[in-house]
1. Could you please let me know if G32 is within 16 Å of the ligand (Cβ to nearest atom) and at positive phi?
2. Between N172, N185, which is away from the ligand (no atom under 13 Å from the Cβ), in contact with a strand residue (DSSP E or B) (Cβ under 9 Å, 6 or more places away or on another chain) and not in a helix (DSSP H, G or I)?
3. Going by the conditions given, is L232 in a helix (DSSP H, G or I), more than 29 Å from Y100 (Cβ to Cβ), within 15 Å of the ligand (Cβ to nearest atom) and hydrophobic (A, V, I, L, M, F, W, C)?
4. Go through (1) crowded, with 19+ Cβ neighbours inside 10 Å; (2) in a helix (DSSP H, G or I) for R198 and report which single condition fails.
5. In the set A65, A95, A49, A42, which member is in contact with a Ser or Thr (Cβ under 6 Å, 6 or more places away or on another chain), within 13 Å of the ligand (Cβ to nearest atom) and of a type in the set (G, A, S)?
6. Quick one: what pairs do we get from segment 43-59, first residue surrounded by 16 or more Cβ atoms within 10 Å (Cβ to Cβ), second of a type in the set (K, R), C-beta under 7 Å, 6+ apart or different chains?
7. Can you tell which of S96, S68, S121 is polar (S, T, N, Q) and touching a Leu at 6+ places or on another chain (Cβ under 8 Å)?
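Read-outs: derived from the displayed coordinates by stated rules, not from any lab. Predicted model only: the values in this text are computed from it and were never measured. Glycine also receives a Cβ, built like all others from the backbone with ideal geometry; neighbour counts cover every protein chain displayed.
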Amino acid sequence: MTLFDLTGKVAVITGSSRGIGRAIAGRFAEHGAKVVISSRKAEPCRKAADAINAEHPGAAIAVPANISSKDDLQNLVDETMKAFGRIDICVCNAASNPYYGPLAGISDDQFRKILDNNILSNHWLIQMCAPQMIERKDGAVIIVSSIGGLRGNAIIGAYNISKAADFQLARNLAAEFGPHNVRVNCIAPGLIKTDFARALWEDPETLKRSTAGTPLRRIGEPDEIAGAAVFLASKAGSFVTGQAIVVDGGATIA
Ligand SMILES: NC(=O)c1ccc[n+]([C@@H]2O[C@H](COP(=O)([O-])OP(=O)(O)OC[C@H]3O[C@@H](n4cnc5c(N)ncnc54)[C@H](OP(=O)(O)O)[C@@H]3O)[C@@H](O)[C@H]2O)c1
């Protein structure tokens, strides 16, 4: 048994068919957890679960869910309970960003979609998972926010506002759930090589510009976010709550 052991734990991870969520699911399974793979599309979820089960038999199931649907999220929780009987770790990882440009040009629908998917849906899923964690006096909630939530930006303002709100969501729920030994934290990734950020790294010149001010002078890999999630989910992180762990190659300090 190590500080990072997750044996016997069950984790629900939204947006885990690829990218950061997929990397977190893989590392959770490697550390002994059962994982529930989820995204909007069934087939990629099934493939991701199959790949994890090939390495860790019986560790993963796939339950598609669009985070914008409360019914889908309830089904995600219900199916997890049917399969594994408990939820110990809830990772709110999926998010949306349908608008690029100054805030003056964003439509109300686009703004609402960002706030709904990146804040309200996290609140929904956490409220669905928390009661059993509170009852057992043990649980870990992790919200994948962004360093965008620590900065102003002329192009992705609404997204950054939603990610800043996630920091406060974590702080607030940490205060509410703390007496029940349920911890709530954020991870704030910098630029990571996933589909979500493809526009910032696909072209070598753009990538150079995107990472020029980053001390490590490079983009991060999805797997480099997974370690922080394992830390926050496990005994290693047992006294950490309400925090945002920045994993950005130093981008925010330079
Ligand atoms: N990549 C970066 O540079 C970066 C930096 C900071 C923060 N982040 C944050 O990291 C998180 C994960 O992003 P990523 O970079 O790993 O993105 P990604 O590689 O594009 O993966 C996104 C995942 O979320 C799923 N998804 C998208 N919309 C969804 C919805 N409405 N409901 C449920 N699932 C949905 C996708 O699958 P489907 O398409 O099948 O639904 C996929 O599994 C996000 O919260 C993002 O804001 C990313």
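1. no
2. After ruling out the rest, the residue left standing is N185.
3. Here the answer is yes, as L232 does meet what is asked.
4. Among (1) crowded, with 19+ Cβ neighbours inside 10 Å; (2) in a helix (DSSP H, G or I), R198 violates only (1).
5. Matching residue, one of A65, A95, A49, A42: A65.
6. P44/R18; A48/R22; A59/K34
7. The unique qualifying residue is S121.
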